[in-house]
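These notes are about the structure you will find just below.
The values are calculated or read from the model by the stated rules, or taken from the named source; none is laboratory data. In this text, all values refer to a predicted model and were calculated from it rather than measured experimentally. Reconstructed Cβ throughout: ideal geometry from the backbone, glycine too, with neighbour counts over all protein chains shown. Note: accessible area is taken over every heavy atom of the protein model, side chains too, but ligands, DNA and RNA are not part of it. Shrake-Rupley method; radii C 1.70, N 1.55, O 1.52, S 1.80 Å.
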Amino acid sequence: MELSLSFQILMLLLPHFIMALGSRNPALTTMAAADQLSLDYYARTCQNSEAIVDRKIKHWVSKDYTLAASLIRLHFHDCAVRGCDGSILLNHWGSERRANASETLRGFEVIDDIKAEVEKKCPKTVSCADILTAAARDATVKIGGPFWGNKYGRKDGRTSLAKEAELVPAGHENVTYLIEFFQCRGLSLLDLVVLSGSHTVGRCTCDAIQQRLYSFNGTGRPDPSIDARYLNFLRRKCQWATEVVELDATTPTTFDSMYYKNLEKKMGLLSTDQWLYSDSRTSPIVKALATQQMLFYQQFAVSMVNLANSQVLTGNEGEIRTNCNFVNP
């Protein structure tokens, strides 16, 4: 049964792969740069870098498990703008980090802590982009998710613009926008649905879902795609816009495939989540992943590698920041 569903997903996506081959594909540029990354990039220059990241993540997540989801999200926001170049970490006026869309991002202090330790052991060697990539992987593992091997060698970007961060999906875009957003970054329809599964953990502010609860699309009525009992729960939970609510109402602290099962029950918190189940282009993948947690784990690892290798800077294209918050003087 598992093999047949995996084959079904492959056949579903085959037309998209064929179309990509016949058009100008941004993934080609991504692949060319990613080819310069390697699993043993720091083997001689900073062989303990991954161990340092792992130890620090264990420390921080043990104090606050919600940081795990925050670090995964921080990594996505970094890769979603200009590729995985650490640009989300730059902290200056007009940067991605200062954008309205980035107000709820967390985990910056974790990356700063890791960077400080790495700099002590291996000065001017390990990029902030690579640290964030490793941190997202280790954070996933710490809350029960899969492990995957990361390739390293990314350089840190010198440009970070708030207006570009505003283009990152915020939870209300339609599926067509999501598909095009991912494709422009060399990511597939499958990557979109699988990476959305990271919403099996994490929280969002009630302000982001107020429209769904009370006046969907200006109708004065709630979003009809929300389960009635779940709607009542959310209305009780979100009496104030500043309150936070779990993205996965069933198993909020565990990295599992319950996110997809929730969508089948009309319990997707964000509009973008629930629409993945109702849209004919993405619903077959949602249904397959809902029934096979191991398939989700396996593909999540693959899709996170695809994300981390998206539009990276290598060679002389960037720098190795000594402080992740600022470009080098």
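Cross-link partners among lysines for LYS265, C-alpha distance below 23 Å, same-chain residues fewer than 8 apart left out?
Cα-Cα hits under 23 Å: LYS237, LYS287.
Given a 1.4 angstrom probe, what's the average accessible area per residue across the chain, in square angstrom?
Heavy-atom SASA per residue in the chain reads 47 Å².
Can you tell me which of GLU164, GLU243, GLU50 moves the most in a GNM of the chain? Springs connect C-alpha atoms under 10 Å apart.
Ranking GLU164, GLU243, GLU50 by mean-square fluctuation puts GLU243 first.
Under 27 Å Cα-Cα from LYS121, which lysines qualify once same-chain neighbours fewer than 8 residues away are excluded?
Candidates past the 8-residue exclusion: LYS56, LYS58, LYS63, LYS142, LYS151, LYS155.
Using the C-alpha atoms of the chain, what convex hull volume per residue, in cubic angstrom, is computed?
Per residue, the Cα convex hull of the chain comes to 135 Å³.
Suppose every Lys and Arg Cβ carries +1 and every Asp and Glu Cβ carries -1, with no other charges. What dipole size does the chain come out with about its Cα centre, to the nearest 20 debye? Don't skip to the answer; put the middle values down first.
Details: 36 positive and 35 negative charges, 62 e Å.
Its charge dipole is roughly 300 debye.
At a 1.4 Å probe, what is the % contribution of carbon and sulfur to the accessible area of segment 114-270?
The computed percentage sits at 52.
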